[in-house]
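Structure first, then comments.
The values are calculated or read from the model by the stated rules, or taken from the named source; none is laboratory data. Small disclaimer: the values here were computed from a predicted structure and weren't measured. Note: ideal-geometry Cβ built from the backbone for every residue, glycine included; neighbour counts use all protein chains shown.
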Amino acid sequence: MVDSERFNEGQENAHDVSDKNDQRSIANRIAAAEAEQAERDKDTPEVAALKEDPTAPARMHGNEPSRGAKIDAQLQAEEEAELARKGKA
């Protein structure tokens with residue numbers, strides 16, 4: 001058996017990025033931590049759709065939107081119309 005078949009190099013999560021014994025600089029550790037935090041803070045498709053249309057998550061799952069979601073959509077449309085009327089959007 002060849003070593004490359006037996007041991008896969010660069011496996012995901014093979015190293016702890018916050019290991020104190022690592023030879024990385026503090027700046028590199030901070031950059032890695034910030035990138036990791038940004039990845040965790042990224043919106044899911046449902047959250048992104050919710051920001052655009054409050055009724056979208058329910059419709060994405062094939063359900064009728066709730067009464068509250070319908071009211072939120074109506075309020076959002078009214079606010080956008082008001083901003084457009086004022087020329088701010």
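A few notes on this one:
Let's see how each residue does on (1) of a type outside the set (K, R); (2) in contact (Cβ under 8 Å) with a residue 40 or more places away in the chain; (3) surrounded by 13 or more Cβ atoms within 10 Å (Cβ to Cβ):
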| residue | (1), (2), (3) |
| --- | --- |
| E34 | yes, no, no |
| P45 | yes, no, no |
| K51 | no, no, no |
| R59 | no, no, yes |
| D72 | yes, no, yes |
| K88 | no, no, no |
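- Residue satisfying all of: in region 32-89; at pLDDT below 85 and touching a Lys or Arg at 6+ places or on another chain (Cβ under 8 Å); farthest from D19 (Cα to Cα) among these: D43
- The residues on offer are A49, A84, A58, A69, and the sole one that is in a helix (DSSP H, G or I), over 22 Å from the mean Cα position of the chain (by Cα) and not aromatic (F, W, Y) is A84.
- Test result for R6, modelled with pLDDT of 90 or more and surrounded by fewer than 10 Cβ atoms within 10 Å (Cβ to Cβ): no
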